[in-house]
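Below is one structure; the comments refer to it alone.
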Amino acid sequence: MKKLTLSTLVCLCCLAPTLPAKQASDAINPQIASTNLSKSLVKAKDFMVASANPYATQAGIDVLVKGGSAIDAAIAVQLTLGLVEPQSSGLGGGALLVYWDNKEKKLVALDGRETAPEKATADMFLDKEGKPLEFMDAVVGGKSVGTPGTVKLLENIHQKYGKLAWAELFQTPIELAEQGFKVTEHMAEQIASSAESLQKFPATKAYFFNEKNEPLPAGFVRNNPEYANTLKLLAKDGAKAFYEGEIAQDIVKTVNEAGVNAGILSLTDLAKYAVKEREVVCMEYSAHDVCGMGPPTSGGIAIGQILGILNHFDLAKTGYESTESWRLIGDATRLAFADRNRYLADSDFIKVPTTELLNPDYLEERSQALTAGEPLKSVAPGDPTNNPNLSKNFADDKALELPSTSHFVIVDKAGNVVSMTTTIENGFGSRLMTRGFLLNNELTDFSFVAEENGLPVANKIEPNKRPRSSMSPTIVLKNNTPVLAIGSPGGSNIISYTAKAIIGIVDWNMDVQQAVSMPHMVNRTGDYYLEKGTKAEEFKPKFEAMGYTVKVDNLNSGLHAIAIKPDGLEGGADPRRDGVVMGQ
């Protein structure tokens, strides 16, 4: 098919130029604080950063200008995001990273996911009658807080791949926290929409509301001296300052003395936290190798399954505007989610049949369900192993994953590539704040029920276990060379957002900005969701004629991507959030 033009996609304009490094901590500079930065394809020769906020992207660029590595830049980006996009990620959460080590020519997957406390029990999110709590009733307060992993992950990757001094990477976010940053429209909207729950805790209320008890408006200059002081301690003493001593004590006190849903986190939980190297999982698709991370995230396997099923259809021929293409994508996603909900969990606790789920023969068999030319009436998990009863050994997990989280991608001058998804789970996490940062609510990513009809749920809560995730940090290779780094926030929709953007680039000849701006059409469980206010709505009568139930909704992704071309780099930032791409 012909290459899609921008008129086919979401409206795009021009991106502000890369700013001088000295402006990175200019808290009231309207150029970098503006939420109206438009999104068009950005090109660079040597290095590039794409993240969810201009301040964070600039912090990463500053590091690369100084000669830092992609990992050094990632640390600066994350520390800054924790300040300027606190509702999505930060020190109190966790992260997953897929990294291309260009010297060793290999991919590495590192797991900084949160863990359940030692005192966690299978019934902790059940009411007195033994029924699951309403999701938000479980989220708000200390009970939902898992042991944070982000800080330990940052230290771990710096020790392995950093070039600049650890403390040097903290300078820009410390200055920005002291001087203040401008609240973006997206952050202001998030505060307003969560106003009721944010007012439940004094520290959180004091930070996100003004002296008139109004949610902070866009343009408000917010400083965070407590966060600056926390960063100073981490810069001086490393992750030990977070997992032991006064910061750890304050985290545990905040969680366990919360006035709502007091938690069970302990100093021992923090002290023993460890980052884990995970299996890299890849699926060959249209002469590319699409690589992500194995469990505890479901993202790498689910995307691999979607693409593995679609290997048996010619999406390049049917094209973007064809309902047939979207029928295939949607129902392939449904099949992948059926397997995901049955089999995927922390592989340290459950034997996950990763190899079998990605077996090309199994996926070809699954693809046969899509050859009838009409929507699937129902889906069920398959039996990917030689054990025909495997699918009957577990019950399905119905855990919710609501849209939040953040994703960024970085390529440095040496050819190293970072794709990192970072989160505190729900927007504003548990709503608990200490030392200038919010604490996660990751324990609500577990199944609230441990079994159904006598069968265990793989993703049930257990002490020290990591909850299943949909985070999908992805690096795509061709001839064992990286050609794309991509990922997104968005709850369980992360898988769909990332997979369809890859399809847009590989099959439909989109550039990375077109791919991340492409209107969303998502089908995970049978209903087809179309992105409100976009050209996706034009598909509604077509899908309904095919027999789908169609719903129009806000589908708020945060895709960021960098394509590595023979003549340089091309970056795209999602127009649905505050993200921006910069490079040199």
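Annotation: average projected area of the stretch 217-357 is 14.7 square nanometres, based on the convex hull of Cα atoms across all directions. Separation of the stretch 488-535 and the stretch 232-272 by C-alpha centroid, Å? Between the Cα centre of the stretch 488-535 and that of the stretch 232-272, the gap is 38 Å.
Dipole size of the chain about its Cα centre, with +1 on Lys/Arg Cβ and -1 on Asp/Glu Cβ: approximately 720 debye, rounded to the nearest 20.
Once the 1.4 Å probe is applied to the protein heavy atoms, the chain comes out at 35 Å² accessible per residue. A 1.4 Å probe, protein heavy atoms only, puts the accessible area of Tyr548 near 20 Å².
Of the residues Asp578, Asp567, Asp361, the one with the largest accessible area comes first in the ranking Asp567, Asp361, Asp578, computed with a 1.4 Å probe on protein heavy atoms. Evaluate the stretch 440-537: find the radius of gyration of its Cα atoms, find its Kirkwood radius, and give the ratio Rg to Rh. So for the stretch 440-537, dividing Rg by the Kirkwood Rh gives 1.07. By the rule of a C-alpha distance below 18 Å, with chain neighbours fewer than 8 residues away ignored, the aspartates and glutamates paired with Lys66 are Asp46, Glu168, Glu175, Asp412. Taking the centroid of alpha carbons for each part, the stretch 300-343 and the stretch 174-205 are 38 Å apart. Convex hull volume per residue, computed on the Cα atoms of the stretch 530-584, equals 109 Å³. Rg and Dmax, both from the Cα atoms of the chain and both in Å, are 22.2, 64.
Look at the dipole of the stretch 413-566 built from charges on Cβ: of Phe543, Ala485, Thr498, the Cα furthest out on the positive end belongs to Ala485. Within the full protein context, the accessible area of Val221 is estimated at about 60 Å² for a probe radius of 1.4 Å. Overall form of the stretch 65-195: oblate. Here a/c, set by the Cα gyration tensor axes a ≥ b ≥ c, is 1.5 or more, and a/b is not larger than b/c.
Cross-link check: pairs Lys45/Lys500; Lys39/Lys540; Lys39/Lys200; Lys119/Lys200; Lys131/Lys240; Lys152/Lys253 evaluated at a Cα-Cα cut-off of 31 Å; pairs beyond the cut-off: Lys39/Lys200; Lys131/Lys240.
Surface composition of the chain: carbon and sulfur atoms hold 47% of the protein heavy-atom accessible area at a 1.4 Å probe.
Taking amide H as placed 1.01 Å from N in the peptide plane, the amide H of Val281 sits under 5 Å from that of Gly292, Met293, Gly294, each at least 5 places away or on another chain.
Dividing the helix sum by the residues of the chain, where each DSSP H run of 4 or more adds -39500 (n - 2.57), gives a mean residue ellipticity at 222 nm of -9000 deg cm²/dmol.
The values are calculated or read from the model by the stated rules, or taken from the named source; none is laboratory data. These figures come from a predicted structure and were not determined experimentally. Don't worry about glycine lacking a Cβ; one is built from the backbone with ideal geometry, like all the others, and counts go over all protein chains shown. To get the accessible areas, we keep the full protein, side chains included, count just its heavy atoms, and leave off ligands, DNA and RNA. Shrake-Rupley method; radii C 1.70, N 1.55, O 1.52, S 1.80 Å.
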